[in-house]
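The values are calculated or read from the model by the stated rules, or taken from the named source; none is laboratory data. Every value quoted in this text rests on a predicted model; they were computed, and no experiment measured them. Heads up, the Cβs are rebuilt from the backbone with ideal geometry, glycines too, and the neighbour counts pull from every protein chain shown. Please note that ligands, DNA and RNA were not included when accessible areas were found on the heavy atoms of the full protein model with its side chains. Shrake-Rupley method; radii C 1.70, N 1.55, O 1.52, S 1.80 Å.
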Amino acid sequence: MVVHKRIRPFNTKETYPEQKLDNDLCQTVVAKGSMVFVRGQIGQDLDTSESVAIGDPEGQTEKAMANIKMLLEEAGSKLEHICKITIYIIDPRYREPVYRTVGKWLKGVYPVSTGIVVSALARPEWLVEVDAIAVIPDEA
């Protein structure tokens, strides 16, 4: 059963062959259901507020995506119901390891994605932040 309509899906390895990425994305997502907005997640343990993977953008992205998965499940949704993600990095050199990590978590999902390079995040040890918009699908 197709829950969400993904318009113009593509994989970054074909669209951007010069980059070593393998991310499933699309241009537009049409979804029905209750919307779930996940606050920007960073390399931080949600239970202890401890920053993790200091100096490691890939490790921080792993933790951010694990947090997103956990929060979506707590809300009654799943990673495969993500419609849009926004990725913030503080250094353009982090793009490939960060996007590769996000792509691993979202393989086969095909969300809409926006990437932004910013001068800083809320704490100096944070290198990457990822927020997500998902849905809890209406019953078919």
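For this structure, a couple of remarks:
- The range 11-53: GluC sites (Glu not before Pro) falling in loop per DSSP and having at most 16 other Cβ within 10 Å: Glu18, Glu50
- Residue-normalised accessible area of the chain, expressed per residue, 1.4 Å probe, Å²: 55 Å²
- For the range 83-135, the Kirkwood hydrodynamic radius from C-alpha pairs, put into Stokes-Einstein at 4 °C and a viscosity of 1.567 mPa s, yields a diffusion coefficient of 112 µm² per second.
- Bridges between two residues of the chain, per DSSP, are antiparallel at a rate of about 75%.
- More than 19 angstrom apart: percent of Cα pairs within the chain: 49 percent
- Contact order relative to length of the chain, as percent, for alpha carbon pairs under 8 angstrom and 6 or more apart: 35 percent
- Portion, in percent, of the accessible area of the chain that falls on carbon or sulfur, probe 1.4 Å: 52 percent
- Sorting 28-35, 53-60 by average packing, meaning the other beta carbons within 10 Å per residue, from highest down gives 53-60, 28-35.
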